[in-house]
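Single-structure report; data block below.
The values are calculated or read from the model by the stated rules, or taken from the named source; none is laboratory data. Keep in mind that this is a model prediction, so the values were computed, not measured. Cβ: placed from backbone, ideal geometry, glycine included. Neighbour counts: every protein chain shown.
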Amino acid sequence: MTRSVPIRTCVTCRTARPKRELQRIVRTPDGSIVVDDTGRLAGRGAYVCRATDCLTSAIQKGALTRALRTPLPATFREAVATGAGTITHDIEGGARGQE
């Protein structure tokens, strides 16, 4: 019996691909926004294509903001623009802005 490959959709180009071909961006329960290389971090996640400019487009068009249900901090956007390897940012006020 063969295992099924999990399929996810890019929030920008809406292309369905195997989960391992996409990059996962997560809003963790503590309110930070992290690039999840393992695909297993707890929190609200959004998938974006790795090999294209989909991440930049997702930020510019607001697709990532809608998918994560939180505004993206300027420092996160700057880190993506500079091509930082690991991007982490804490959001003021907790995950839902209630603190």
Inset, instruction - Out of the residues in the range 6-18 that are out of contact with any Lys or Arg (no Cβ under 6 Å at 6 or more places or on another chain) and among the basic types (K, R), state the one that is surrounded by the most Cβ atoms within 10 Å (Cβ to Cβ). - result: R17
Legend entry - Matching residues, the range 53-87, being not small (G, A, S) and not in a helix (DSSP H, G or I): D53, R69, T70, P71, L72, P73, T86, I87
Inset, instruction - Output the residue which, of all residues in the range 8-52 that are outside any loop (DSSP other than H, G, I, E, B) and β-branched (V, I, T), is farthest from R77 (Cα to Cα). - result: T9
Inset, instruction - Kindly provide the set of residues from the range 64-92 that are at pLDDT 95 or above, among the hydrophobic types (A, V, I, L, M, F, W, C) and either over 12 Å from the mean Cα position of the chain (by Cα) or over 19 Å from E21 (Cα atoms) (or both), ordered by number. - result: L68
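Across the range 19-62, what is the number of residues that are on the phi > 0 side of the Ramachandran plot and surrounded by 18 or more Cβ atoms within 10 Å (Cβ to Cβ)? Spell out the reasoning first.
Restricting attention to the range 19-62, the residues satisfying the condition of being on the phi > 0 side of the Ramachandran plot are 31, 39, 43, 62.
This time we only want the ones that are surrounded by 18 or more Cβ atoms within 10 Å (Cβ to Cβ), so: 31, 43.
Of the residues in that region, 2 qualify.
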